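Comments concern the structure below.
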Amino acid sequence: MTILSPSIVLFFLALLVSFPHFNNATASDACKAATRISPTINLNFCITSLQSDSTSSSTNSLGLAKIAVGLASKHAKTTKAKINKMLLDAAYGNIMPEIHTCRSLYSRMMDYLSIAADALNSENYDDAKTYLSTAFDAPCDCGDAFSKKQAPPVLANEDETAKQLTDIALALVNM
C-alpha cells in the first residue's frame, strides 16, 4: 500500500475546496467579455448593476445572466409604474398616445423577460436569447414612438437603462 505524502494530500484538498470557484465569473470579467460581444454596453454600468446583487460574487456567467434578467424585469416594472402615473397627469396630454404605446411595450417586455428567465432556469438558451432579443426591442420602440412625433423623449433614461440591462443579459447568455 502506498502512502501519500502530506503535501500531496493538502494540495488535493485545496484543489477540491476551491473547485466550485473555478466556474465563477467576477462581474468585472463578465462585463468586459460582454462589452466585446456588444460594444454598446457601458462597462461601468454593467459592473455596478451586477454587483448590486449580493450573489454576484459567488456565481458563474449563467448566474450573472439571471441577475441581469432580474434587474431588467425589476426596472421594466418600475418604468411601467412611472408610465401609469404619467397617464394620470394632464401635463402629458399632448403625448398620451405615445405614453400608451410605451405602457404596452413595457408590459410585453415584462412578459418576455419572465419567459427568458424561465428559459434560463431550464437551460434552454436559444429561447432565452430569442425572448431577450424581443425584450430589448421594447425600450427602442418606446423611444421611437416619441421621435416619430418629434416629442420630447420623456422616458429616455428609463429606455436606456432597460436597453443596457437587457443587452447585458443577452451578451452573458451568448457567452
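The values are calculated or read from the model by the stated rules, or taken from the named source; none is laboratory data. The shown structure was predicted, so the numbers you read here are calculated from the model rather than taken from an experiment. Cβ: placed from backbone, ideal geometry, glycine included. Neighbour counts: every protein chain shown. Ligands, DNA and RNA are stripped out before the accessible areas are found, and what is left, the full protein with its side chains, is counted by its heavy atoms. Shrake-Rupley method; radii C 1.70, N 1.55, O 1.52, S 1.80 Å.
Numbers below:
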{"quantity": "Unit charges at the beta carbon, dipole of the chain: most positive-side option, Q150, Y106, G63", "calculated": "Q150"}
{"quantity": "Across the chain: Cys residues that no other cysteine approaches within a C-beta distance under 4.7 Å", "calculated": "C140"}
{"quantity": "Hypothetical label at S104: residues of segment 124-139 whose amide nitrogen lies under 14 Å (7 Å Cα-Cβ projection)", "calculated": "138"}
{"quantity": "Whole-Hz ³J(HN,Hα) from phi, Karplus 6.51 cos²θ - 1.76 cosθ + 1.60, for segment 79-89, glycine and proline x", "calculated": "5, 4, 5, 5, 4, 4, 5, 4, 5, 8, 9"}
{"quantity": "Whole-Å distance, taken between Cα centres, linking segment 136-174 and segment 46-68", "calculated": "21 Å"}
{"quantity": "Over the chain, relative contact order from alpha-carbon pairs under 8 Å, at least 6 apart, %", "calculated": "26 percent"}
{"quantity": "Integer Hz, Karplus 6.51/-1.76/1.60 couplings in order for segment 134-148, x for Gly and Pro", "calculated": "5, 5, 4, 5, 4, x, 5, 5, 4, x, 4, 4, 6, 5, 5"}
{"quantity": "Pair S28, S147: separation of 7 Å Cα→Cβ label points (nm)", "calculated": "3.5 nm"}
{"quantity": "M96 paired with A156, simple spin-label distance in nm, labels 7 Å along Cα-to-beta-carbon", "calculated": "2.5 nm"}
{"quantity": "Charged-residue dipole, Cβ positions (Lys, Arg, Asp, Glu), the chain about Cα centre, Debye nearest 20", "calculated": "260 debye"}
{"quantity": "Lysine pairs with alpha-carbon atoms under 15 Å apart, the chain, spacing 8 or more or separate chains", "calculated": "8"}
{"quantity": "Per residue value of the accessible surface for the chain (all protein chains in place, 1.4 Å probe), Å²", "calculated": "57 Å²"}
{"quantity": "The chain, helix-only ellipticity at 222 nm - DSSP H runs n ≥ 4, -39,500 (n - 2.57), divided by all residues, nearest 500", "calculated": "-25000 deg cm²/dmol"}
{"quantity": "Model label zone, N124; criterion: amide N under 19 Å from point 7 Å along Cα-to-beta-carbon; scope segment 139-175", "calculated": "170, 173-174"}
{"quantity": "From the coordinates shown, Rg and Dmax of the Cα atoms in Å corresponds to which of [x] 19.8, 78; [y] 20.9, 87; [z] 20.0, 72", "calculated": "[y]"}
{"quantity": "Ordering of 94-106, 157-169 by packing [mean C-beta count within 10 Å, highest first]", "calculated": "157-169, 94-106"}
